[in-house]
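Inspection log for the structure reproduced underneath, given as structure tokens.
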Amino acid sequence: MSPRKIRRERSGPPASVPGPERVESWPDGDWVVRGVPGAGTTKAYRCPGCDQEIVPGTPHVVAWPADGTLMSGGVGVEERRHWHRPCWQYRLRRGRGARKRGNP
């Protein structure tokens, strides 16, 4: 008689795979952009577009400059920014330093 295999259920949600990276050309330069599914987030980030928190479980994008001169493999982690999808799409319309809540 052969030993019986024990199958155990995994706890927690399945690990999600980040979206593929793509290069987007904008008036402010070329950017590498990666979509992050909501299930793939486990910590909160601050969106530089609206200065609001991106809570865990919220789909968003990560963007960094495409010229990546900091490391041979690309830019460092400190150059990456997490954005709400609409904030990323409309960031050039908002203007430099403008905040959604009317801060001077």
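Numbers for the structure displayed
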quantity	calculated
Residue in segment 77-89 that is more than 21 Å from Glu21 (Cα to Cα), basic (Lys, Arg), modelled with pLDDT of 65 or more and surrounded by 12 or more Cβ atoms within 10 Å (Cβ to Cβ) present	no
Boolean, Pro65 is open to solvent by less than 40 Å² (accessible area, probe 1.4 Å) and either in contact (Cβ under 8 Å) with a residue 60 or more places away in the chain or not acidic (Asp, Glu) (or both)	yes
Residue identified as modelled with pLDDT under 90 and among the charged types (D, E, K, R) among Lys43, Lys100	Lys100
Close pairs from segment 38-52: first free of Cβ contacts under 8 Å to residues at least 24 places away in the same chain, partner among the β-branched types (Val, Ile, Thr), Cβ under 7 Å, at least 6 apart	Gly38/Thr58; Thr41/Thr58; Ala44/Ile54; Ala44/Val55
Residues of segment 28-57 that turn out to be among the polar types (S, T, N, Q) and either part of a strand (DSSP E or B) or more than 22 Å from Arg93 (Cβ to Cβ) (or both), as a count	2
Residue within segment 8-21 that is touching a Gly at 6+ places or on another chain (Cβ under 7 Å), in a loop (DSSP other than H, G, I, E, B), farther than 17 Å from Arg81 by Cβ and at pLDDT 90 or above present	no
Any pair with Cβ under 8 angstrom, 6 or more apart, that starts in segment 81-95 at a residue that is at positive phi and ends at one that is surrounded by fewer than 17 Cβ atoms within 10 Å (Cβ to Cβ) and of a type in the set (Asp, Glu)	none
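The values are calculated or read from the model by the stated rules, or taken from the named source; none is laboratory data. These figures come from a predicted structure and were not determined experimentally. Cβ: placed from backbone, ideal geometry, glycine included. Neighbour counts: every protein chain shown. With ligands, DNA and RNA removed, areas are computed over all heavy atoms of the protein, side chains included. Shrake-Rupley method; radii C 1.70, N 1.55, O 1.52, S 1.80 Å.
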